[in-house]
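The values are calculated or read from the model by the stated rules, or taken from the named source; none is laboratory data. As the structure is a computational prediction, the values presented were derived from the model and not from experiment. No Cβ is skipped: glycine too gets one built from the backbone with ideal geometry, and neighbour counts run over all protein chains shown. Remember, those area values only see protein heavy atoms, side chains included, never the ligands or the DNA or RNA. Shrake-Rupley method; radii C 1.70, N 1.55, O 1.52, S 1.80 Å.
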Amino acid sequence: MSELTMRDTTATLATARLRETPRRGVPSWLRWGSWLPTLITFVIAALLWQIVAWTNPYVLPTLEAIGGSLVDDAGMYWSNFLVTLLEVVVGASAGILAGFLLAVVMAEFQIIERAVMPLVIIVMVTPIVAIAPALVVAFGFGMVPKFIVTGLVVFFPMLVNSLAGLRDVDQKALDVFKTLHASRWEIFRELRFPGSMPYVFAGLRIALPLAVVGAAVAEFVAAGQQAGLGSLVTTSAAQANLPVTWASIALLCLLGVLLIVLLAVVRKRVLWWSDGEVTAKG
């Protein structure tokens, strides 16, 4: 090959690489196709909201009124936000941990699943609104009933998804472990636990938003300490204070979104080896 031909080939390859590099380096969230449809949807929703608020002021407050309430009473919203956040963190952590540990026991001992699962289903189909007042009678007018309600809401999806993940094991890999006379702990540590993580995160994707719902419901129906965004919603709604009501609802939505975003970041770092999402169960 002549020197001129080699130079032309090198120049062509360099040009192709320069053209490809920016495409690989642009994050997906910077491409207009990723965020423009969402932006348009939110703009349309905001316009429709404003139209309804202007024509029916006793149905919806304007966005300006909601924003003004958030700014004027920022301290009140922040203190109630922290209370709800505490309920979500403590209750969800307990429910998630209990669901996962019970799933581990059920995966190892099927007789435990046959004995306990019917009771779990009975508890899960019982309306949580009916359970909350009984919990207040049992545990008093503090935060404990709200922690329990929040934990119960997230318990079942974590149990179902964790159990599915722990049992979805590569049979060939399991046979290799058994051939090597691996103990149950070694099989769990090296095979079942890592393989269940996609299912666990799928369960968390359901459980974390439900934790916000559970905390709000607990504040609605559990008498006692009047604090938290749920309590703020009920109090302001009783007073027909629509800006405060919808500002509190917006903060509950924001809390749920923040939890989902945090979960997505953690999942990306923990499950870097996973090919894709797992469909959640429950």
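Couple of notes before you dig in:
- Going by accessible surface with a 1.4 Å probe and the largest first, 117, 158 read 117, 158.
- The phi torsions of the stretch 251-258, fed into the Karplus equation with coefficients 6.51, -1.76 and 1.60 and a -60° offset, translate into couplings of 5, 4, 4, 4, 4, x, 5, 4 Hz, rounded to whole numbers, with Gly and Pro shown as x.
- Phi to ³J(HN,Hα) by Karplus 6.51 cos²θ - 1.76 cosθ + 1.60 over the stretch 57-72, Hz, x for Gly, Pro: x, 8, 9, 9, x, 6, 5, 5, 5, 5, x, x, 5, 4, 6, 5
- Considering only 163, 100, 218, and ranking their Cα positions along the charge dipole of the stretch 83-239 that arises from unit charges at the beta-carbon of Lys, Arg, Asp and Glu, the one farthest toward the positive end is 163.
- Area accessible to solvent at residue 199, 1.4 Å probe radius, in Å²: 40
- Heavy atoms of residue 69: accessible area, 1.4 Å probe, square angstrom to 10: 10
- Accessible area expressed per residue, the stretch 96-201, with surrounding protein chains retained (probe 1.4 Å, Å²): 54
- Just the protein heavy atoms count here, and of the accessible area of the stretch 125-282 at 1.4 Å, carbon and sulfur take up 69 percent.
- At 0.890 mPa s and 25 °C, Stokes diffusion of the stretch 143-282 via Kirkwood alpha-carbon radius, µm² per second: 141
- Each part reduced to its alpha carbon centroid, the stretch 200-263 and the stretch 112-133 end up 23 Å apart.
- For the set 179, 62, the ranking by accessible area, highest first and with no ligand, DNA or RNA atoms included, is 179, 62 under a 1.4 Å probe.
- Principal axis dimensions, the stretch 172-219 - Cα atoms, whole angstrom, descending: 53, 16, 10
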